[in-house]
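Here, each number is a calculation from the coordinates, and none is a lab measurement. What you see is a predicted model, and the numbers here were worked out from it, not measured in a lab. All Cβ positions, even for glycine, are placed from backbone atoms using ideal geometry, and neighbour counts span all protein chains on display.
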Amino acid sequence: MSILHIFLGLLFLCLPPLARSEDQPLDPKTLAGTTGYHRALNWQQLETPSWSEARQLHSGVWTGREMLVWGGAGDSTWFNSGARYQGSSGRWNTLSMENTPSPRCGQSAVWAGDQWLIWGGYERSSHPLGIMVQTGSAYDPLGDRWITIPTDGAPSARADHTAIWTGKEMIIWGGRNQDQPLEGGGRYNPKLKTWTPLNRTNSPPPRLNQTMIWTGEEAIVWGGFSLNESNSLIQGFKYRPDRDEWAGISTQSAPLMRENHTAIWTGKEMIIWGGNGGEVNLNTGTCYDPKTDVWRMISTHHAPSARKLHTTIWTGEVMVIWGGEGNGGNPTDWGTYNPATDTWRKTKPAAEPKPRTNHTMVWTGQELILTGGLAENGDLLPDLWKGKLPPQ
């Protein structure tokens, strides 16, 4: 090898990397070999079924065998229709319309192991916030039938509340009526078809836009917006249904105050991420361990851009962030967070579905399924997609 070859080789090694704007998307081929970045999600657009109408604010769930979609709003119509998608066959079938809940938005929807519980929300009316309802129904996919949920003993009419499934009961908490945020809630047992009110001693103050998760032993409510308590946005509470008891959780090292964020349960920790604190959207998050009552900040290196009203999915290994409303429009980037290593991977792929809010997304155990939503220009989206995560 000549001295000239050696000199040129050393010069190449010493050259600085090419400058790149942080907002400039990387080429997918470059992304594949860059630490901290993903290749593009492998999205495949599904055929839009004949029943499908563009909608937003609808509900969606994965049952273990199929995706169920119901309700929401179109340009001029509110829906009480729905459908089921079988990933194995790629077929859509409409849900029975007999005894279905009334057309609405702002409802809660939880999967109870063998039925889908739809409750509350608001119906369309001349009032700008709609008419709040305290009605609902349970959908049985095996029988393709709706079973009316009784209103006797149910919480007061509300929308934009939170709901979780404990393995035995659905717990409803918070939300709003036409005038203000609400406190209180109830527990519904679908086997007995009975409601039980929640004890209000030491319970959270009224709020909406909060999150609630189930740990296997207790429900944890965190964040949100309240008219009465200026510090409620940084408060959290846990509820034990077996004792009907509330208790506050630590605020030391807790996330910045926020609403419209997301929360997931990993099996060990609750992860809070994103949302807005006042007028500013956030891309920060924190993990909470209920066993030790300790918060820990998570890394922001390679985290997705700041946003609210996004979707968060837990795959069993990583938390997926997609969609939402950013500080300058609907963000096109997405990311996955691994709590075991405290690391993010993100990208800005060019072939993704159109950025959106008010959509639904589920995890089948192998892939993501995305339906509907609202584009940045105000268009409602009727499209359906499935996407596989790149290797972690």
Going through the cross-link list 168/268; 238/388; 308/386; 238/386; 238/346, which pairs have a Cα-Cα distance over 24 Å in this structure? 238/388; 238/386; 238/346
GluC sites (Glu not before Pro) in region 246-288 lying in a DSSP loop, each with at most 12 other Cβ atoms within 10 Å of its Cβ, come to 279
Just to confirm a number: summing +1 for Lys and Arg and -1 for Asp and Glu over residues other than residue 363 whose beta-carbon lies under 12 angstrom from that of residue 363, what do you get? 0
Note down the net charge around residue 270, summing +1 for each Lys or Arg and -1 for each Asp or Glu among other residues with Cβ under 15 Å from its Cβ. 0
Rh (Kirkwood, all Cα-Cα pairs) for region 58-198, Å, reads 15.3 Å
Is the C-alpha gyration tensor of region 173-294 telling us rounded, prolate or oblate? Criteria: a/c under 1.5 is rounded; beyond that, a/b larger than b/c is prolate, otherwise oblate. oblate
GNM on the chain, Cα springs under 10 Å; top mean-square fluctuation among 129, 68, 208 goes to 129
Work out the P(r) tail for the chain: percent of alpha carbon pairs separated by more than 40 Å, whole number. 16 percent
To the nearest 20 debye, the chain has a Cα-centred charge dipole, built from +1 on Lys and Arg Cβ and -1 on Asp and Glu Cβ, of 420 debye
For the chain, what relative contact order do you get, as a whole percent, if you take Cα pairs closer than 8 Å and at least 6 residues apart? 14 percent
Range of Cα positions in region 245-332 per principal axis (Å), largest first: 40, 30, 27
Using the crude model of +1 on Lys and Arg Cβ and -1 on Asp and Glu Cβ, and no other charge, please compute the dipole size for region 58-198 relative to its Cα centre, in debye to 20. 220 debye
Answer rounded, prolate or oblate for region 244-392, using the Cα gyration tensor with square roots of eigenvalues a ≥ b ≥ c: rounded when a/c is under 1.5, else prolate when a/b is larger than b/c, else oblate. prolate
Given a 10 angstrom Cα cut-off, can you work out which residue in 167, 277, 184 is the most mobile in a GNM of the chain? 167
Could you work out the relative contact order of region 250-392, using alpha carbon pairs under 8 angstrom and six or more residues apart, expressed as a whole percent? 15 percent
Choose one answer from 182, 41, 192: the residue with the largest mean-square fluctuation in a GNM of the chain with alpha-carbon springs under 10 Å. 192
Dipole-positive endmost among 280, 139, 181 within the chain (Cβ charges, Cα centre): 139
What's the magnitude of the charge dipole for region 250-392 around its Cα centre, counting Lys and Arg as +1 and Asp and Glu as -1 at the beta-carbon? Answer in Debye, nearest 20. 200 debye
